[in-house]
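> Please find one structure pasted underneath; my questions will follow.
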Amino acid sequence: MSFYITTPIYYVNDIPHIGHAYTTIVADVLTRYHKLFGEESFMLTGTDEHGQKVQAKAKEFDKDPKAFVDEIVLRFIDAWKGLDIQYDIFMRTTFDYHILGVQKALQKIFDQGDIYEKTYDGWYCVSDEIFYTEKDVVEGKCPNGHALQKISEKNYFFKMSKYQQQLIEHIEKNPDFIRPDYRKNEVLGFLKKPLEDLCISRPKSRLSWGIELPFDKDYVTYVWFDALMNYCTAVGYGDSKREKEFSKRWPNVIHLIGKDILTTHAIYWPTILMGLGLSLPKMIFAHGWWLTGENEKMSKSQGKVVRPLDLKDVVGVDGLRYFLTRDIFLGNDAQFSQDLVIARVNSELANNLGNLQSRATNLIDKFFGGKIPPPTKISTLKDPTEAAAELLKSSILSFSPNVAVGHVVDLLNHANKYLEEKAPWKTAKTDLSAAGDVLYDALEVLRISGILLHPVMPTKMTELLRRIGWSKTPNFEDAKKWGMLQEGTAVTKGDPLFPRVETKNT
Ligand code: ME8
Ligand code: MG
């Protein structure tokens, strides 16, 4: 099996914010987990660079669109580097090979008679880059509360309606196609009404920043047709030299998106793929939103962005990655605030995990000269620790990273209590070998936890494992097996792995 996950490609009308960081971190964490389990894994992210929104922003800065996007893209690349994201491809819709692939797709659909011309009379929301009809308009705004532009122009339409029944059947037959379940029901509900055909062009006289239609030089492609195609062109669609790569990757694709772009992914995209004669994605997983204090979605257009790189300075890259993985159930909305981030990092990383490491390594330093003591009997922690590894794996496979991490947190809590009860700092004075057993157990829990949390906190867990004398590349097989640390191996105390973050509220 191979694992191929995508994030949305983000608009480059502004710099990356915590919402973008969230999807990208979750995709990275899932990819790293699948690698840990020994699967061949592949992650795609990138930027959506054409369209009216980006063109308008470039104009605001008095820049040529290409020069403008070239600058903003660097901000995304830098942000992902700073957050330890290991993507395989960073896709840009201005890449030549993407443009060729999109044109090839358009020509194919055109040639088979699925594209026709008519006058479009309706509304356009630049913020969503979506066409809306009269019935969608709420008090002069789009359903998401953005300003609308009235449009009356000749355009090209894709016969989306033709594929409606086929899409309904696919969704019903494949319960994992749209997840979570309630999103699937939302889409099926939407599909109860007849689908309208999809406008897939804009006249160049209105919008020039886009991919030219291969069959009419006076038009560019609608930005969503362009953007969605990136998932295919990135892995070789349209390039005869990359056919093998495409047929290997494409059937496994999983789209991780925010719930804001469910319609484009669960309706527009599958019908386009049907038109192209390509298989549908294995899964579309729509996650929820991080909300600010007033229960509002954080977004660039509202100007309320919390920059991921700012919080990174407070809790560290891995602290932020941990919070975003742990504090939200994938699919639901959750509150985001600096205080919540700090509270989570303090309670589970500084106190729980960090505390176990510093106690264990300090005591080994003090009573065993910094060398791992020999275990003399099978620990009662063996079974719950090995079980945690399996529980974590099944939670990851069911797209519940917060639950997965929770299993490790439970294990660490248990181990801290065990240490408290056994009090090796006392027993060491009367029964050194019993104290050694307890400390060996603590290190084993740390070794397995360090491997299991490595995909979430790669830098910190590498350091944790190093300190307890485990230098092997993290691998799931080693996390399933208790007792692999060798007696006599040196351990390092080090500074606190996760220093407690002090705030005015703590
Ligand atoms: O929609 N909470 O790009 P975009 C969680 N270019 N996730 C959030 C979020 C929040 N508050 N805000 C944004 C586009 N996101 C198109 C996509 S794909 C072919 C084209 C994340 O820059 C979430 O993943 O508006 C959401 O779907 C995405 O950013 C939207 O990014
Ligand atoms: Mg958006």
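The values are calculated or read from the model by the stated rules, or taken from the named source; none is laboratory data. Note that the structure is a prediction, hence the values are computed from the model and not measured. Virtual Cβ from ideal backbone geometry, glycine too; neighbours counted across all protein chains shown. Just so you know, the surface numbers come from the protein's heavy atoms only, side chains and all, with ligands and any DNA or RNA stripped out. Shrake-Rupley method; radii C 1.70, N 1.55, O 1.52, S 1.80 Å.
> With axes computed from alpha carbons, what is the tilt in degrees of helix 181-190 against the longest principal axis of the chain, rounded to the nearest 10 within 0 to 90?
Tilt of helix 181-190: around 10 degrees.
> Averaged per residue, what accessible area in Å² does the chain show with a 1.4 Å probe, protein chains only?
Heavy-atom SASA per residue in the chain reads 41 Å².
> Given R₀ = 30 Å, FRET efficiency for Tyr182-Glu463 by Cβ-Cβ distance, to 0.05?
0.15
> Over the Cα atoms of the chain, what radius of gyration and what Dmax do you get, in Å?
26.0, 90
> Please give the contour-minus-distance gain from Ile89 to Asp495: 0.36 nm per residue of separation, less the Cα-Cα distance, rounded to one decimal in nm.
Stretched out fully, the Ile89 to Asp495 stretch lengthens by 142.5 nm.
> Using only the heavy atoms of the protein chains and a 1.4 Å probe, how would Leu256, Leu74 rank by accessible area, largest first?
Descending order: Leu74, Leu256.
> With a cut-off of 11 Å, note down the residues of the stretch 153-184 whose backbone N falls inside the zone around a label point 7 Å from the Cα of Phe215 toward its beta carbon.
From the stretch 153-184, the list is 156-159.
> Going by a 4.7 Å Cβ-Cβ cut-off, which cysteines of the chain have no partner at all?
Within the chain, the cysteines lacking a partner Cβ under 4.7 Å are Cys199, Cys232.
> Obtain the nm distance between the two label points defined at Ala387 and Met484 by a simple spin-label model: each point lies 7 Å from its Cα along the Cα-to-C-beta direction.
2.1
> Applying 1/(1 + (r/R0)^6) with R0 = 25 Å to the Cβ-Cβ distance of Lys173 and Gln112, what FRET efficiency is obtained, to the nearest 0.05?
0.55
> Report, to the nearest 10°, how far helix 96-111 tilts away from the longest principal axis of the Cα atoms in the chain, using its own Cα long axis and a range of 0 to 90°.
Around 50 degrees separate the two axes.
> Moving to a separate point now. Ignoring trypsin sites (Lys or Arg not before Pro) that are buried or in helix or strand per DSSP, and keeping those with at most 12 other beta carbon atoms within 10 Å, what is the longest stretch of the chain between them?
Looking at the chain, 1-191 is the longest stretch - no exposed trypsin sites (Lys or Arg not before Pro) with at most 12 other Cβ atoms within 10 Å.
> On a C-alpha basis, how far is the centre of the stretch 151-191 from the centre of the stretch 53-84 in Å? Whole number, if you could?
What the calculation gives is 32 Å, centre to centre.
> Given a 1.4 Å probe and the protein chains all in place, what does the accessible area of Asp78 round to, in Å² to the nearest 10?
100
> Against the longest alpha carbon principal axis of the chain, how many degrees, from 0 to 90 and to the nearest 10, is the axis of helix 382-397 turned?
So the helix axis and the longest Cα principal axis differ by about 0 degrees.
> Taking the stretch 1-95, which GluC sites (Glu not before Pro) meet the DSSP loop condition and have no more than 15 other C-beta atoms within 10 Å?
The qualifying sites are Glu39.
> On to the next question. Between their Cα atoms, which of Lys159/Lys204; Lys382/Lys480; Lys184/Lys259 are more than 19 Å away from each other?
Lys159/Lys204
> Want the number for Thr376 to Ser471: 0.36 nm per residue separation, take away the alpha-carbon distance, what's left?
Contour length minus Cα-Cα distance gives 31.8 nm.
> A further question follows. Round to a whole number: what % of the accessible area of the chain belongs to carbon and sulfur, probe 1.4 Å?
It is 51 percent, rounded to a whole number.
> Could you work out how far apart the two model spin labels at Leu191 and Ser208 are, taking each label as a point 7 Å from the Cα in the direction of the beta carbon, and quote it in nm?
4.1
> Still on this structure, I have one more. Sum -39500 (n - 2.57) across every DSSP H segment of at least 4 residues in the chain, then divide by the residue count to get the 222 nm mean residue ellipticity, nearest 500.
It comes out at -14000 deg cm²/dmol, rounded to the nearest 500.
> Still on this structure: Roughly speaking, what is the stretch gain from Ala56 to Lys241, that is 0.36 nm per residue apart minus the C-alpha to C-alpha distance, in nm to one decimal?
Residue separation times 0.36 nm, minus the Cα-Cα distance, leaves 63.0 nm.
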